[in-house]
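Written out below as structure tokens is the structure these notes cover.
We did not get these values from a lab; they are worked out from the coordinates using the rules stated. None of the values given here were measured: they were computed from a predicted structure. Glycine also receives a Cβ, built like all others from the backbone with ideal geometry; neighbour counts cover every protein chain displayed.
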Amino acid sequence: MIKEKEVKKITFIEIISWILGISFGFMGLVDIFSFLFVPGITLIIMASVLLPPINKMFKERMNFELSIGVKIAVIIIGFVVVGKTMSIYPTDANTKQADSLYYQIEKISKKIDNFDYIDVSNTEKIKLLKEQCELIPQYLAVGKDRINVRISKLQWEILGGAIKSEIRNQEDESEKQKFKDVLKFYLLIQENILEKDNLL
């Protein structure tokens, strides 16, 4: 008697599990190699829950199987975790913009730090101070990661101190007034942009 070979049926749920499992696993590995560890590990866990071979391994070796309800719950929680953590990391475009702004800020900062040692006219000083007033909030708004915020706050405080120092150093009242106007510009940005958007 010829024994008929058992035909394995592949269900629609298995196909979806394979597609999503492989996709989540690949994205998780990409994130881990990009140093995005929390979303990467979360995606790997989501992939492990979905991939049939891993489910089979758990069933055979550890004698337990996740129900469909538990799998759906894990996937939903995973999406929430990935969404929340990814919003912390800046995009590539934001990273490039932040790097560019930081370079400009650092370049101007060095000139401001050397005001007392180099021959810079008040007109040039005012131009640099105002430019810095505009650049730092832009840098702070890009990405808003912890390092970005910490650097921006420090630079903003240093900038405020530099403006006040220039006001004290000016003997001519008309020149002193010009720097007071820069201070007003500085405080206006702080009040209308930074504090309003909770950036400081």
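List of remarks:
- Highest to lowest packing among 18-31, 55-68, 124-137, scored as the average C-beta count within 10 Å: 124-137, 18-31, 55-68
- Selected from GLY25, LEU159, ILE112, residue furthest toward positive end of dipole (the chain; charges at beta carbon): GLY25
- For the listed residue pairs LYS107/LYS153; LYS164/LYS196; LYS111/LYS153, the alpha carbons are over 21 angstrom apart in LYS164/LYS196.
- Helices of the chain meeting both criteria, an alpha-carbon length of 18 angstrom or more along the long axis and an average Kyte-Doolittle score not below -0.5, with helices taken as full DSSP H segments, are 12-33, 37-50, 68-86, 122-141, 146-169, 173-189.
- As a length-normalised measure over Cα pairs under 8 Å and 6 or more apart, the relative contact order of region 12-86 settles at 31 percent.
- For region 12-86, a simple Cβ point-charge model (Lys and Arg +1, Asp and Glu -1, everything else neutral) yields a dipole of about 100 debye relative to the Cα centre.
- Net charge dipole size for region 92-194 [Lys, Arg +1 and Asp, Glu -1 on Cβ; Debye, nearest 20]: 320
- Highest mean first, the peptides 9-15, 111-117, 38-44 sorted by other C-beta atoms within 10 Å per residue fall in the order 38-44, 111-117, 9-15.
- Considering helices alone, the calculated mean residue ellipticity of the chain at 222 nm is -25000 deg cm²/dmol, with DSSP H runs of length four and up weighted by -39500 (n - 2.57) and normalised per residue.
- The magnitude of the dipole of the chain, with charges of +1 and -1 set on the Cβ of Lys/Arg and Asp/Glu and taken from the Cα centre, is near 1020 debye.
- Normalised contact order of the chain, rounded percent, pairs of Cα under 8 Å and 6 or more residues apart: 15
- What separates the Cα centres of region 153-170 and region 99-117 is a distance of 13 Å.
- Nearby aspartates and glutamates by direct alpha-carbon distance to LYS96 (threshold 15 angstrom, same-chain neighbours under 8 apart not counted): ASP145
- Reference-scaled alpha-carbon Rg (2.2 N^0.38 Å with N residues) for the chain: 1.73
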